1. With every protein chain present, what is the per residue accessible area of the stretch 100-146 (1.4 Å probe, Å²)?
2. Once both labels are modelled 7 Å past Cα along the beta-carbon direction, what's the Thr27-Ser116 spacing in nm?
3. Sorted by accessible area (1.4 Å probe), largest first, how do Leu209, Leu86 line up?
4. Leaving ligands, DNA and RNA out of it, work out the accessible area of Leu48 with a 1.4 Å probe and give it in Å² to the nearest 10.
5. What do you reckon, how do Ser201, Ser50 stack up by accessible area (1.4 Å probe), largest on top?
6. For Ser166 and Ala55 in one chain, what is 0.36 nm times their gap in residues minus the Cα-Cα distance, to one decimal in nm?
Amino acid sequence: MKRSFSCIFVLCLLGAGVGRAAPLCSTFTNYAGLVGAGAGGCEINGLLFSNFGFASSATGVGTVPTATQMSFLIDDPGTSTGTGQLIYGFEFNPNLSIIGIGSADIQIQYDITAPSATITSLHLLETAAVSAGSTATVVEGPNCGTVTLGGPCVPGFLPSLVVTPSAPHQDLLGIGPYISMHVFKDMNVISTSTNGFAVISNVRDAVDLSVPATAPEVSTCFLLGGGLIGMAMMGKRRSRG
């Protein structure tokens, strides 16, 4: 009984993430921190987000964006605008804007890995404002999903999602289910007149799961452990009687 309890308890602690290499994504405050996390990445609800990439550019009066200026909040969970589903991921604030003739652009990419093939939908949303014919566009994709860790893209590249101020949200539902996904996203503001203005203040990028990904909490493990100890003690008393 002691051996059984020890094995179950250790497995439970490992499943709960005791000693996990990846910190929670809420540990970081801006995108530069996520990039700095490297291949080890960070976790949201048992999902591993890793290999963050960042590239940016600007023209005209635009200023080249930095990873440090891009803050975020965590959806853990959030609620999908279109479907009401619980979703997990990021609410990025790229602080991306242009006033006058020019443009500014941010490209990001990263991997999402689940404990099993449970990623079934993508959710994209932007909060943006434009004037005088300017544009504020976010394009996600083409993304790549796999059904096995390290496996090839199946069935191939996922379609692109595009949001603008006039159509600020899109979902891609019923995909996969995938165990891993590579996400690519392009955020862009353009103004072609001296009195033009465009800004993107929020970009939601999240997925939903066919089943919860989170491992058992440590508190649950201790409750389980306490129950097993009680059963062991009762067994001893019976054997003595």
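The values are calculated or read from the model by the stated rules, or taken from the named source; none is laboratory data. Because the structure is a prediction, the values reported are computed rather than measured. Every residue, glycine among them, receives a Cβ derived from its backbone with ideal geometry; neighbour counts consider all protein chains shown. Accessible surface areas use protein heavy atoms only, side chains included; no ligands, DNA or RNA. Shrake-Rupley method; radii C 1.70, N 1.55, O 1.52, S 1.80 Å.
1. On a per-residue basis, 27 Å².
2. In this crude label model, Thr27 to Ser116 measures out at 2.7 nm.
3. Numbers: Leu209 30, Leu86 100 Å².
Order by accessible area, largest first: Leu86, Leu209.
4. Probe radius 1.4 Å; accessible area of Leu48 about 50 Å².
5. Values: Ser201 55, Ser50 5 Å².
Most to least solvent-accessible, the answer reads Ser201, Ser50.
6. Working: separation 111, 0.36 × 111 = 39.96 nm, distance 2.61 nm.
Taking Ser166 through Ala55 to full extension adds about 37.4 nm, to one decimal.
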